[in-house]
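The structure under discussion appears below in the form of structure tokens.
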Amino acid sequence: MLASVQTAALQGIESVPVAVEVDLSFGLPALVMVGLPDTAVRESRDRVKAAIRNSGFDFPQERITVNLAPADVRKVGAAFDLPIAVGVLAASGVVTSRTARNTLVIGELSLDGSMHPTRGVLPIAAGARRDGYRELLLPSANAAEASLVSGLEVLPVDSLREAVATLNGDLPRRAPPPARATQGAPTEEIADLADVHGQAMGRRALELAAAGGHNLLFVGPPGAGKTMLARRLAGVLPVLTRDEALDVTTIHSVAGLLPAGAGLLTTRPFRAPHHTVSDAALAGGGPQPRPGEISLAHHGVLFLDELPEFSRRALEVLRQPMEHGSITIARAARTSTFPARFMLVAAMNPCPCGYFGDPRRACRCPLPLVERYAGRLSGPMRDRIDLVVAVAAVPASDLAAGDHGEASAPVRARVVAARERQRKRQGAALNARLPVQALRPATGTVLAEAHAFAVQSSERLALSARAFYRLLRVARTAADLANRDEVRLEDVAEALQFRDDVR
């Protein structure tokens, strides 16, 4: 007897429909699985057999052939357990195949027949709606995530027995729990800018970076407050829009980082990998490509502390995603593209000992060593950083005075207002990705004298074409924060203060 159950496989952050075809035939009892399954899927034979028996059903004593079609798509993970078990029970007549035909089924089984949560449910639910399925049967722990997709009936179950009863109509269908907003991806508590003493340039750079989506680098001695400033960027960023939140939630779902019962992520991700991170962990990859740190930071912040300590290979991986907002991972079996539109925020010491140029402490590093240390950050990488801030140590007397700076809330309000101006003027693109055509005087948004000053300054400093346009983009953000439509000379002058080439 032949039965077919519909499920899905993940390719990158997209789902691919998969049909689980089960055939029962005469022969020695065995369960044979074909269709390019990986190790976890092949091991499901034992899990499915135990789950069926421990759920009170008879396991067919016949030769069982399970085909996962299409056969040229690699099937990865344990989410095929439930569709295979339902397929076996449908082939033996326990599940009516008519009801299973219009329902997409995913889920991992325990040996006792209970359900484990699975990753990638949100893109699978979106794919199910796209492919015309009306229902999605899945573990209860993933129901809130799947319910974010409208137009699809979500059928949460806690066990194989409940799944069979639901498909056969013997059990009233449970409504999925309401999709609750989750504050954000796993990250530490957001700190407030009010904790920062002094550092006027650093605070202004944070505001510019947040308003325009610009990349930012802090350079200064140990203990000056570089990391403290960078970690407060999350507190001045606006919450995610609905479309951005769906993108971020999808990526974290595919990576398996959404906790059970989580709904939509509403705060921007802040990823801070250690400097020993490999280039594959940063960019993503593996035999079956998974999103890396730069994709997990999509629509958020990627913070690299002690920037020169990262391997040169890992840093150079960032160059293409910083320009294009995505990364393509090519493997022999497949090619996957992951979104990676992030803000790069980095911090570094000026030399190995950290005190080069510090008026309070003498640097112990020979000049060639200082140059080699700074050279770990290549010219093309420096060219892609819009704002460079020299962070000086705050005197102890200022710290003891207890004078706090402006809190995050009013800064965030200005950032939100500046982004709203950008949205009305240029749509979804932030100033950091403004096209070149919008930065020319002919558009009327950049005054002729401001553009001429930018040209003269670029020629004097020998800026590259990329650095020249990044200078104008930062000036555009300064004008937006000042609630002005046109970019003036003083906006370009402020942007020049944050060019590393000036020093």
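Summary of values
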item: From G107, G127, G113, residue being crowded, with 23+ Cβ neighbours inside 10 Å and in contact (Cβ under 8 Å) with a residue 60 or more places away in the chain; result: G113
item: Criterion: surrounded by 18 or more Cβ atoms within 10 Å (Cβ to Cβ), of a type in the set (S, T, Y) and over 30 Å from the mean Cα position of the chain (by Cα) - qualifying residue of S55, S25; result: S55
item: Of residues in the range 480-503 being among the aliphatic types (A, V, I, L, M) and within 25 Å of V219 (Cα to Cα), the one surrounded by the fewest Cβ atoms within 10 Å (Cβ to Cβ); result: V502
item: Leading residue by the ranking (surrounded by the most Cβ atoms within 10 Å (Cβ to Cβ)) among those in the range 153-173 that are more than 33 Å from the chain's Cα centre (by Cα) and within 15 Å of R134 (Cα to Cα); result: L167
item: Residue within the range 264-272 that is charged (D, E, K, R) and either over 30 Å from E145 (Cα atoms) or under 13 Å from the mean Cα position of the chain (by Cα) (or both) present; result: yes
item: Subset of the range 221-260 (residues that are small (G, A, S), in contact with a Lys or Arg (Cβ under 8 Å, 6 or more places away or on another chain) and farther than 16 Å from A205 by Cα); result: S253, A255, G256
item: Cβ pairs under 6 Å, 6+ apart, first in the range 266-289 and within 20 Å of A330 (Cα to Cα), second in a loop (DSSP other than H, G, I, E, B); result: D279/V317; A281/G292; L282/G292; L282/V317; A283/G292; A283/V317; G284/G292; Q288/V76
item: Subset tally (residues that are touching a strand residue (DSSP E or B) at 6+ places or on another chain (Cβ under 6 Å) and part of a helix (DSSP H, G or I)) for the range 469-497; result: 3
item: Count of residues meeting criterion [in a loop (DSSP other than H, G, I, E, B), of a type outside the set (D, E, K, R) and at negative phi] in the range 387-412; result: 8
item: A262 vs. criteria assigned to a helix (DSSP H, G or I), farther than 21 Å from A210 by Cα and out of contact with any Cys (no Cβ under 7 Å at 6 or more places or on another chain); result: no
item: Enumerated strands (runs of 3 or more DSSP E) restricted to the range 282-372, each holding at least 2 residues that are open to solvent by 10 Å² or more (accessible area, probe 1.4 Å) and at pLDDT below 95; result: 326-330, 335-339
item: Failed criterion for L472 (all others in (1) within 22 Å of T227 (Cβ to Cβ); (2) free of Cβ contacts under 8 Å to residues at least 60 places away in the same chain; (3) open to solvent by less than 40 Å² (accessible area, probe 1.4 Å) hold); result: (1)
item: Residue match in the range 67-83 (condition: open to solvent by less than 40 Å² (accessible area, probe 1.4 Å), under 18 Å from L160 (Cα atoms) and over 30 Å from the mean Cα position of the chain (by Cα)); result: no
item: Breaking point among (1) within 28 Å of P238 (Cα to Cα); (2) part of a helix (DSSP H, G or I); (3) open to solvent by less than 30 Å² (accessible area, probe 1.4 Å), for K424; result: (3)
item: Subset of the range 206-225 (residues that are closer than 16 Å to L399 by Cβ and of a type outside the set (A, V, I, L, M)); result: G220, P221, P222, G223, G225
item: Total residues in the range 360-400, condition free of Cβ contacts under 8 Å to residues at least 60 places away in the same chain and polar (S, T, N, Q); result: 1
item: Close pairs (7 angstrom Cβ cut-off, 6 or more residues apart or separate chains): closer than 18 Å to L318 by Cβ and crowded, with 24+ Cβ neighbours inside 10 Å in the range 215-226, hydroxyl-bearing (S, T, Y) and modelled with pLDDT of 95 or more anywhere; result: none
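The values are calculated or read from the model by the stated rules, or taken from the named source; none is laboratory data. Note that this is a predicted model, so its numbers are computed, not measured. Because the Cβ atoms are built from the backbone with ideal geometry, glycine has one as well, and the counts that use them run over all protein chains shown. The area values use the complete protein model at the heavy-atom level, side chains included, leaving out ligands, DNA and RNA. Shrake-Rupley method; radii C 1.70, N 1.55, O 1.52, S 1.80 Å.
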